[in-house]
Every structure is written in structure tokens, then in C-alpha cells.
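The values are calculated or read from the model by the stated rules, or taken from the named source; none is laboratory data. Remember, predicted model here, so these are calculated numbers, not experimental data. Glycine also receives a Cβ, built like all others from the backbone with ideal geometry; neighbour counts cover every protein chain displayed. To get the accessible areas, we keep the full protein, side chains included, count just its heavy atoms, and leave off ligands, DNA and RNA. Shrake-Rupley method; radii C 1.70, N 1.55, O 1.52, S 1.80 Å.
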Amino acid sequence: MRFSTHIICTRHLDFGNGDAVSVKYYDIDKPVMPKNVVIISSSLRKGGNSETLAESFARGAAEAGNSVETVSLRGKDIAFCRGCLVCQDTRECVIKDDTVGIARKVHDADVVVLATPVYYFCMSGQLKTVLDRCNPLYDSDYRFRDVYVLMTAAEDGPGTFDGTLKGIEGWIECFPESRLAGVVSAGGVWAVGDIEGSKALDEAYRMGLKV
């Protein structure tokens, strides 16, 4: 458990002997309960730029006292949605692969973070497949309220991230109790490690701190 605080006032004390000090007075608000943060890292490239961005967010969220789990899609058995819609009656997918467990984690999370490389100005295919396979959560008692998006791309021009963000926003709209809480994007990063030194890493870290 952690507490939120804010400054009431700051006073400048002068001791008359050349020494002075500024004193800040804080008000302690009600305790802030740790949140369950689930990060979906969709890059299949080990040490990829979006994965590194996700690690920065995770570090901030963990340092803020939250429970953080990063789920990498690398090596996971993820099949396409068949569109059978059985899940709308059973709340379970008929395809028994790794996506079933991932969807359950998304359902139980307070905060969902989606990290993806941009492929052809869209989210990665593997992330799109996982979001499709989260269909059992539609109209359910899902817990998540805040969704954050982390994106990296080789391109860095206007509109580079628009298609990816629009697709994810469409998914969020299907869950009316949730909202897009924050976005961090890093363009001009291609090879593994290109993102090192990017201001986006600090942005992701600070965003994680505020979860």
C-alpha cells in the first residue's frame, strides 16, 4: 500500500545568520492500493525496441508499488479467431492455446499495456490476433479500466503511428468501462538497440510511475 501526497505550502525560513531553508508541508491523502498491471509485449524479436520500451514502463510501474507482469508473445501458441462466437455464450474460447491464459490475465488486470512494433503502419499481427481472441471478454465483468499503448517504428514521419493507434482505439471502444490512458511512441528505431538513449524510454518510465 502507498499513499498519495500533495504539497499544501512552502515556507522559506531565514535564521538571520546567513543560513536559510525552504520547508515544504505535505498533506497525506487516502492510501493508494497497488494495481495489477499486465503488459502485453508483442514483438517476436528478442530485445526489440518495443520490448525495451515496455521494460521501461514496467520498471516505473513496479517502483510505484504496483504488481507488474509482462507477457511476451514470443514463443506463444496463438491461433486466429474462428469467428464462431461460441465464447459469447460460454465466456470461453473453443481454441485451447496460450491465448486463453493471456485473455484471462487481461480480464483480471486493473491496467493493460499494449506494446507493439509498427508493421506496415499497423500494429503487429500477433497483437491483433490476441486482441481478436479477447472476444470472450466482450460484455463480461472485465476489470481493466486504463489501457496504455507503447509503439515503435522504423519510420518517423507524420502519421506513422496513426493506423496502429486507431486499431487499438477501436478495440478499447468495445469495452466502454475502459479508456485510453496514455501513449508513448518512438519513431526512427529499426535495429535492436536503436531505441537506447531515446527520450521515449524516459516517457514510458514516467508514465509507469503514474499508473
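Counting only DSSP beta bridges with both residues in the chain, tell me the antiparallel percent, nearest 5.
So the antiparallel bridges in the chain amount to around 30 percent.
Nearest 20 debye, what's the magnitude of the dipole of the range 106-205 about its Cα centre given +1 on Lys and Arg Cβ and -1 on Asp and Glu Cβ?
Using only the charged Cβ atoms, the result is roughly 140 debye.
Specify which labelled value, from (1) 16.0; (2) 15.2; (3) 13.8, agrees with mean projected area of the Cα convex hull in nm² derived from the coordinates of the model shown.
Checking each listed value against the structure points to (2).
When you count, for each residue, the other Cβ atoms within 10 Å and take the mean per peptide, how do 73-84, 137-148, 117-128 rank with the highest first?
Numbers: 73-84: 13.4, 137-148: 16.8, 117-128: 19.1.
Ranking the peptides 73-84, 137-148, 117-128 by packing returns 117-128, 137-148, 73-84.
Given a 1.4 angstrom probe, I'd like the percentage of the accessible area of the chain that is carbon and sulfur, rounded to a whole number.
Roughly 52 percent, rounded to a whole number.
How much mean residue ellipticity at 222 nm does the chain get from its helices, if each DSSP H run of length 4 or more adds -39500 (n - 2.57) and you divide by all residues, to the nearest 500 deg cm²/dmol?
Numbers: 6 runs with 62 residues, N = 211.
Using -39500 (n - 2.57) per qualifying helix, the result is -8500 deg cm²/dmol.
Ignoring ligands, DNA and RNA, how do Asp89, Asp97 rank by accessible area with a 1.4 Å probe, largest first?
Asp89, Asp97
How big is the dipole moment of the chain about its Cα centre under a simple scheme where the beta carbon of each Lys and Arg is +1, that of each Asp and Glu is -1, and everything else is neutral? Debye, nearest 20, please.
Approximately 300 debye in magnitude.
Against the longest principal axis of the chain, how steep is helix 162-173, in degrees 0 to 90 to the nearest 10, with axes from Cα atoms?
Roughly 90 degrees, rounded to the nearest 10.
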